[in-house]
Amino acid sequence: MSTNKEISTQINKLKKEKDAVLLVHNYQVSEIQQVADFIGDSLELSRKAQNIDAKMIIFCGVDFMAETASILNPGKKVIIPNPAAKCPMAAQLSLKTLLKAKEQNPNVPVVLYVNTLAESKAECDVTFTSANAIQIIQKLNEKKIIFGPDWNLGYYVKKHIPDIEIIPVPAHGFCNTHRLFKNGDEAMELKKKYPEADLIVHPECEPGFQDRADYVLSTGRMYRHCKESPKKIFIIGTEIGMIDRMRREIPGKTFIPANPNAECPTMKRITLKNTYEALLNEGPIVKVPEEIRLKAIKPIERMLQMSK
Ligand code: SF4
């Protein structure tokens, strides 16, 4: 068995035999997206993970996403095809830094991006995703929050909620992949060439790029915007897997990457082959220690409740 087509056929067969569901993030490669039971952004995948009726979840995404699925599904086997698929942004927030910020700012709520590890989530009040950050923080109605780890998302929140005081943990967390767009000079050249196009960027991009965009949207919202808009051309400032999905699922429209090299190397550690092997071997299993899981589930469930 060597071609992608043959591996995909085997994956589809094993999914049925083993009562498994394949959850796939928008940034995965096209061949994995095509064997998915569900493709989405972090919020959509967390919602899906909350209501899964299957024995096994194969999570094609990075570490913190599979952990979230495991936290929400203690009775199910949650499997990540390659445990080396670790989000470097999530790793930027250490438990030590978070606990120190909490100690220095008693009674200030801790609001964390889902792109954090379970041990950090266990110490926070509510999580958020790029799709619901504004909604969650507005509903909290606090004057001051401890917020992390992505400072560019902090800029995006501050732009929408100017009165809020943000204590960032760590001081300047960022996503290596979205940093590749810099201030968006390349995208502005494309905009000159295609003035009728919408320039849409992810809030993990640098503030300078966010400020030049027509829309700053999570990948889930990007997808819906492009599908529903009467426009035909879109310049996209996020990881290139998202563009593969839109090109495949939204025919008749043109999607131009703002930077064709914006690839997340850790997302790409998941391959069709290791996805097949994970399904076959029913591992590697993702398991969060029960003591941490019981604490981490609260801010995740609170987020899901608040973003209904
Ligand atoms: S795109 Fe950025 S935030 Fe997302 S998994 Fe890769 S490094 Fe982490």
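Would you pick out the residues in the range 233-247 that are more than 14 Å from the ligand (Cβ to nearest atom) and among the charged types (D, E, K, R)? Walk me through it before giving the result.
First pass over the range 233-247, keeping only residues more than 14 Å from the ligand (Cβ to nearest atom): 233-235, 244-247.
The answer is 244, 245, 247.
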**Q.** In the range 38-56, residue farthest from residue 304 (Cα to Cα) [restricted to those that are more than 17 Å from the chain's Cα centre (by Cα) and free of Cβ contacts under 8 Å to residues at least 40 places away in the same chain]
**A.** 55
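For a quick check of your reading: which helices (runs of 4 or more DSSP H) sit entirely within the range 172-254 and have at least 3 residues that are among the aliphatic types (A, V, I, L, M), in contact with a helix residue (DSSP H, G or I) (Cβ under 9 Å, 6 or more places away or on another chain) and closer than 16 Å to residue 267 by Cβ? Let's see the steps before the verdict.
Values: elements: 176-179, 185-193, 207-212, 219-228, 241-249.
It comes to none.
Considering the range 2-37 alone, what residues qualify as being assigned to a loop (DSSP other than H, G, I, E, B) and touching a residue at least 24 places away in the same chain (Cβ under 8 Å)? Give the derivation first.
Residues of the range 2-37 that are assigned to a loop (DSSP other than H, G, I, E, B), as a first pass: 2-3, 19, 26-29, 34-37.
Result: 19, 26, 27, 28, 29, 34, 35, 36.
Of all residues in the range 248-270, which are among the β-branched types (Val, Ile, Thr), within 20 Å of the chain's Cα centre (by Cα) and away from the ligand (no atom under 16 Å from the Cβ)?
Filtering the range 248-270 for residues among the β-branched types (Val, Ile, Thr) gives 250, 254, 256, 266, 270.
Those left that are additionally within 20 Å of the chain's Cα centre (by Cα): 266, 270.
Within the range 248-270, none qualify.
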Q.
Pairs needed: first member in the range 164-176, under 20 Å from residue 143 (Cα atoms) and more than 14 Å from the ligand (Cβ to nearest atom); second member anywhere, assigned to a loop (DSSP other than H, G, I, E, B) and among the aliphatic types (A, V, I, L, M); C-beta distance under 8 Å; at least 6 residues apart or different chains.
A. 167/108; 169/93; 170/93
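Report yes if residue 159 is away from the ligand (no atom under 15 Å from the Cβ), free of Cβ contacts under 8 Å to residues at least 40 places away in the same chain and either crowded, with 17+ Cβ neighbours inside 10 Å or over 15 Å from the mean Cα position of the chain (by Cα) (or both), otherwise no. Steps first, answer last, please.
On the way: away from the ligand (no atom under 15 Å from the Cβ): yes; free of Cβ contacts under 8 Å to residues at least 40 places away in the same chain: no; either crowded, with 17+ Cβ neighbours inside 10 Å or over 15 Å from the mean Cα position of the chain (by Cα) (or both): yes.
No.
To keep it simple, each residue is scored yes or no on (1) in contact with a strand residue (DSSP E or B) (Cβ under 8 Å, 6 or more places away or on another chain); (2) at pLDDT 95 or above; (3) more than 30 Å from residue 230 (Cα to Cα); (4) of a type in the set (Gly, Ala, Ser).
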residue: 251; (1), (2), (3), (4): no, yes, no, no
residue: 257; (1), (2), (3), (4): yes, yes, no, no
residue: 267; (1), (2), (3), (4): yes, yes, yes, no
residue: 270; (1), (2), (3), (4): yes, yes, yes, no
residue: 288; (1), (2), (3), (4): no, yes, yes, no
residue: 294; (1), (2), (3), (4): no, yes, yes, no
**Q.** Checking residue 205 against (1) under 20 Å from residue 176 (Cβ atoms); (2) among the hydrophobic types (A, V, I, L, M, F, W, C); (3) surrounded by fewer than 20 Cβ atoms within 10 Å (Cβ to Cβ), the condition it does not meet
**A.** (3)
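The values are calculated or read from the model by the stated rules, or taken from the named source; none is laboratory data. As the structure is a prediction and not an experimental result, all values here were calculated from the model. Note that we place each Cβ from the backbone using ideal geometry, even for glycine, and neighbour counts take in every protein chain shown.
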